[in-house]
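In what follows, a single structure is set out as structure tokens and then discussed.
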Amino acid sequence: MSDNAMPVEKPKLISDYIQSGFPILSIITNEPDRVELKVVEEINALVTHMRNRLKKSDPPKSATYALTVYAWDCRRGRRELTNTGKGHDKDMIDPYMLLNWFSGEECGKRSVLLIHNFHRHIDQDLGIIQQLQNIIPVLKTSTRTIIFVSPDMEIPIELERLVTEIDHPLPTSDEIKEEFKKMLDEYPIDLDMDKMDEAAEVAKGLTMFETENALSLSIIRKHAIDKDTIFEVKSSMIKKNGDLEISSFDETLDSLKGYQNLKDFGLEVLPHPLSRGILLLGASGCGKSHFSKAIGKAIGMPTVSLSFGNMFDSLVGSSERKIKNALRICDAMSPLLLFIDELEKDLAGAESSGETDSGVTKRVMKTFLTWLSDHNSRVPIIATANSVKHIPPEFLRSERWDAIFFVNIPNDEEADAILQHYLTEYGLNTSPDEVRAKISMRNWTGAEIKTLCRLGHIMGGDIEKSSQYVVPIYEAKKEEIDALRSEALNYAIPASGAIDHRVRVSEPASSKRQLMGAAEGKTSTVKLAKKNKPTPTN
């Protein structure tokens, strides 16, 4: 495997679960028709495979081996999707009648039943839950499987251990290109393979229905495959999700002065398929968000912003489904850069979640944490945090991130570079030396320097006057920022300056106790052997 190769996983087939005798499956999707097609395709392949295997050992059984797929919804009744297609019954609209039929003699063995939007019946009728429990033994012994197909479903506690949830991924770029080719046969336009490849990559993260609409709009508007039109539709669809937003930022790395360690690391590591991402710690206004917004453009990855705050819902199970759906979309859209701003605020309620919100925050964060460690898609994360006080230790361990960086308040050299940049941007005819002669800018953040220059421009170039309206955050939160600096030296890489090579010298047992004390909010006394320790900016 090359350095740039991603681990290859065997495709997870729905038919594997059916062949293994799983009685009830649940697929959360907004593409019911695509699920039907996939199930039929897999079942036909499975039947062919089984007949070939049985030809040698049991020829008569090989000739008669079959597996029938049915579908049901409350308007069209029962439909047969395989074999002769004679198993239709549009009058079978009662869910009890359906379950009785599927578990009875008339249906027969080796059958699959896709039930659409059954969550509405389960939510409102305890009898349906009991009926499902009652027929489980029959399903297990006769190779029959029920598949719930719906855009949303909360499995009731009575069925939790009986129902297996499986993923149905959004279309891949190859599947999208095949659909493009089918659609373009109907339009008199030239087929540009390069443009089609680009458009298919842009369309990732959409359902096939949304993809078809995006391509149709592109053809009507431009008489060609236009990736910008498809991106426009995609942005609109993703925005409807409410938890994700495709972001377009104006910030650049050139306009972020200093922090060379962070820039070099981000440019080298984040584009790699095996990258997990970077956690940025530091006081507000020091450039963490600036870097996060600029790095996506620098490495050529679209940036998607994730908001945990929008996910919390009063309906039981809804928040967990929202985070799963958002991460599923991110996986489908890869490669992309996922941006989470002020992560510590989202994590603040996780520890007390069981008492304050029935554990919703804790479950959402557990889902995200699992994905953070296990996902194989090219979705590195850039997360910022102004404090580590509310970040659980499990979010800081290795393999969650490629690295954790501490973005300190700019030193004098970095501050002068930032000041020169904004003096030029706002057309102020003065130099950093002249400004410093009038104003003490010790421990000013980049955001405060920008505010100074912006107000100076508004006030006719009077920097001294504008400085009266800038209150440095260090003056208001000196103790907190100094504590963050001190704590960050234990596990974060400085964004600029010399990088320590730290080795723990305490006894293992003692170190463990000290670290546990630190996790509980107590002062840690772990001693570190440091080489070329940089002096923190005061």
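Has region 224-237 got at least one residue that is outside the structural domain of Met333 (by TED's automatic domain parsing), over 29 Å from Ser305 (Cα atoms) and not aromatic (Phe, Trp, Tyr)? Looking for residues that are outside the structural domain of Met333 (by TED's automatic domain parsing), over 29 Å from Ser305 (Cα atoms) and not aromatic (Phe, Trp, Tyr), one finds at least one in region 224-237, hence yes. When residues in region 468-498 are screened for being in a helix (DSSP H, G or I) and not small (Gly, Ala, Ser), 14 of them pass.
Taken over region 224-270, the criterion of being exposed (fewer than 13 other Cβ atoms within 10 Å of the Cβ) and free of Cβ contacts under 8 Å to residues at least 60 places away in the same chain is satisfied by Asp228, Ser236, Lys239, Lys240, Ser248, Asp250, Asp254, Asp264, Glu268.
Kindly establish whether Glu178 is farther than 18 Å from Ala71 by Cβ, of a type in the set (Asp, Glu) and not assigned by TED's automatic domain parsing to the domain that holds Ser318. Yes; evaluated as a whole, the condition is true for this residue. If you go through region 110-121 one residue at a time, do you hit one that is at pLDDT below 95, of a type in the set (Gly, Ala, Ser), touching a strand residue (DSSP E or B) at 6+ places or on another chain (Cβ under 7 Å) and not in a helix (DSSP H, G or I)? Yes, some residue in region 110-121 is at pLDDT below 95, of a type in the set (Gly, Ala, Ser), touching a strand residue (DSSP E or B) at 6+ places or on another chain (Cβ under 7 Å) and not in a helix (DSSP H, G or I). When residues in region 93-120 are screened for being among the acidic types (Asp, Glu) and surrounded by 15 or more Cβ atoms within 10 Å (Cβ to Cβ), 0 of them pass. If I filter region 396-407 for residues that are surrounded by fewer than 15 Cβ atoms within 10 Å (Cβ to Cβ), under 30 Å from Arg378 (Cβ atoms) and of a type outside the set (Gly, Ala, Ser), do I get at least one hit? Yes, there is a match, as at least one residue in region 396-407 is surrounded by fewer than 15 Cβ atoms within 10 Å (Cβ to Cβ), under 30 Å from Arg378 (Cβ atoms) and of a type outside the set (Gly, Ala, Ser). State yes or no: is Ala383 closer than 30 Å to Ile323 by Cβ and in contact (Cβ under 8 Å) with a residue 24 or more places away in the chain? Yes; evaluated as a whole, the condition is true for this residue. Only residues that are surrounded by 15 or more Cβ atoms within 10 Å (Cβ to Cβ) and outside any loop (DSSP other than H, G, I, E, B) were counted across region 45-92, and they come to 17. Residue count for region 60-76 under the criterion of being among the polar types (S, T, N, Q) and over 37 Å from the mean Cα position of the chain (by Cα): the result is 2. Inside region 335-359, residues that are modelled with pLDDT of 85 or more, of a type outside the set (D, E, K, R) and either part of a strand (DSSP E or B) or at positive phi (or both) make up a count of 4.
Considering only residues in region 58-112 that are β-branched (Val, Ile, Thr) and either touching a Cys at 6+ places or on another chain (Cβ under 8 Å) or free of Cβ contacts under 8 Å to residues at least 24 places away in the same chain (or both), the one that is farthest from Ile18 (Cα to Cα) turns out to be Ile93.
Listed here are the residues, each with its yes/no results for (1) surrounded by fewer than 20 Cβ atoms within 10 Å (Cβ to Cβ); (2) among the charged types (D, E, K, R); (3) part of a loop (DSSP other than H, G, I, E, B).
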residue	(1), (2), (3)
Ile418	no, no, no
Asn429	yes, no, yes
Val435	no, no, no
Ala447	yes, no, no
Gly456	no, no, no
Glu464	yes, yes, no
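When the residues of region 249-268 are filtered to those that are in contact with a Pro (Cβ under 9 Å, 6 or more places away or on another chain) and not in a helix (DSSP H, G or I), the one that is nearest to Ser319 (Cα to Cα) is Tyr259. Evaluating Glu434 against the criteria (1) without any contact (Cβ under 8 Å) to a residue 12 or more places away in the chain; (2) within 16 Å of Glu251 (Cα to Cα) leaves one unmet condition, (2).
Only one entry of His272, His290 meets the criterion of being more than 28 Å from Glu320 (Cα to Cα), in contact with a Leu (Cβ under 6 Å, 6 or more places away or on another chain) and not assigned by TED's automatic domain parsing to the domain that holds Asp197, and that entry is His290.
The values are calculated or read from the model by the stated rules, or taken from the named source; none is laboratory data. This one's a predicted model, so the numbers in the text were calculated from it and none came from an experiment. For neighbour counting, all protein chains shown are included, and Cβ atoms are generated from backbone atoms with ideal geometry for every residue, glycine included.
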